[in-house]
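One structure below.
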Amino acid sequence: MPGHSVNDPAPLPHATKAHWGLTMVLLVLAGLGAGIALALGDSDRALLVIFPLILTVAGTHLSGLRAGAIVGLTAALIVLVAAFSSTTPLFAAAILAGLILWTAWPDAAFSPPYAAATPLLLCYLVPTAFGAAAIGLQGALPFASAGLAAGVVCATVLILLRPRTDDSAHANDPAPPSPHLAAVLLGAAVSAWLLWYALTHASIPAAWILMTFIVVVEPEHPNTVSRSLRRIGGTLIGTAIVVFLTLLPARIETLVGMAAIAPAIAYNRVHYIVSVAATTVMIVTLYGAPEGDFLGWGIERIVDTAIGAALAIAVSALAALGRGRPA
């Protein structure tokens, strides 16, 4: 295109309407995963079921049943790793660092699909950092296996019901660029340290720093800066909404917080600020409800989001310099 060089960053994904249909599917799958965990006798282990289940279906939707099964199996293996490593912080940190390298290493053999890299990282981080997987490998195996099996069944139904389309026109589309190795190494080191801190200090906010880093860092520096600023802005808006909600009866405030998960999912690709604001409303409301400390949790969320975004911007700037581009 005139006025654009080949080194210009790829444009951010754009959509024209919220994905309410996808939102309903994800909520149904999450509910199914929670139901399976309850049937297995421990609803606290629902995350071990939900991640393989959702990633199998999502992978099938994006790339076909075979790819979905591979991604789902990978997710099941990752949550099993989380189950036996969560009680050993340094070991857990090393594993997360290895996952970051694997998902971002340029031209890595058997690397996961680009769209699945962040969910695969999160399916290790979330159950590990929040203590949901500390039941050991043998205890986690039935939950992860059930999630994968349910995912394959749901994905097969999805394939049978979905109209056939010709994807040959997109077969040769270029893959998104990978981060520079130096940036990947720095990101892995920072992530490993943050996870170690989160586990040894039982700190939820420290995990928020790491989660922000993972979800906003992009191969192209301008995209990282843009996504980071939008995440910070959405967090500020969400916290302001929670403060306003404290004027309502407690039951209504909690219901609004729980319902915020729907726009958080639906607007993720459409309007990231709206999605982050809704996510903040949900998280700050639920964590602040027991003691009524909504403002304190909101400020903690803002600070840790800003720290994670700053780390992501620094890493992507290093990647840009490593490729010889101005940051």
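Can you pull out every residue in the range 123-151 that is at pLDDT 80 or above and surrounded by fewer than 20 Cβ atoms within 10 Å (Cβ to Cβ)? Once the filter is applied, which keeps residues that are at pLDDT 80 or above and surrounded by fewer than 20 Cβ atoms within 10 Å (Cβ to Cβ), the range 123-151 yields 126, 138, 139, 141, 142, 145, 149. When you check residue 296 against the structure, is it free of Cβ contacts under 8 Å to residues at least 40 places away in the same chain, more than 27 Å from residue 26 (Cα to Cα) and among the small types (Gly, Ala, Ser), yes or no? Answer is yes for this residue.
With the structure loaded, tell me whether residue 255 is part of a helix (DSSP H, G or I), touching a residue at least 24 places away in the same chain (Cβ under 8 Å) and assigned by TED's automatic domain parsing to the domain that holds residue 189 or whether it fails that test. In short, no. Scanning the range 240-252 for residues that are assigned to a helix (DSSP H, G or I) and either in contact with a Phe, Trp or Tyr (Cβ under 8 Å, 6 or more places away or on another chain) or more than 13 Å from residue 273 (Cβ to Cβ) (or both) yields 242, 243, 244, 245, 250, 251, 252. For residue 216, the conditions (1) over 15 Å from the mean Cα position of the chain (by Cα); (2) buried (at least 21 other Cβ atoms within 10 Å of the Cβ) all hold with the exception of (1). Against the criterion of being closer than 14 Å to residue 208 by Cβ and surrounded by 16 or more Cβ atoms within 10 Å (Cβ to Cβ), residue 284 qualifies.
Go through the residues of the range 296-304 one by one and say whether even a single one is surrounded by fewer than 15 Cβ atoms within 10 Å (Cβ to Cβ) and in contact with a Gly (Cβ under 8 Å, 6 or more places away or on another chain). Checking the range 296-304: at least one residue is surrounded by fewer than 15 Cβ atoms within 10 Å (Cβ to Cβ) and in contact with a Gly (Cβ under 8 Å, 6 or more places away or on another chain).
Inside the range 225-251, residues that are free of Cβ contacts under 8 Å to residues at least 60 places away in the same chain, farther than 25 Å from residue 26 by Cβ and either surrounded by 15 or more Cβ atoms within 10 Å (Cβ to Cβ) or not charged (D, E, K, R) (or both) make up a count of 8.
Among what's in the range 252-276 and is farther than 21 Å from residue 21 by Cα and of a type outside the set (Ser, Thr, Tyr), pick the residue that is surrounded by the most Cβ atoms within 10 Å (Cβ to Cβ). My answer is 253.
Taken over the range 1-51, the criterion of being surrounded by fewer than 19 Cβ atoms within 10 Å (Cβ to Cβ), modelled with pLDDT of 90 or more and not hydrophobic (A, V, I, L, M, F, W, C) is satisfied by 31, 35.
The values are calculated or read from the model by the stated rules, or taken from the named source; none is laboratory data. This is a predicted model, so every value here is computed, not measured. Ideal geometry is used to build each Cβ from the backbone, glycine not excepted, and the neighbour counts take in all protein chains shown.
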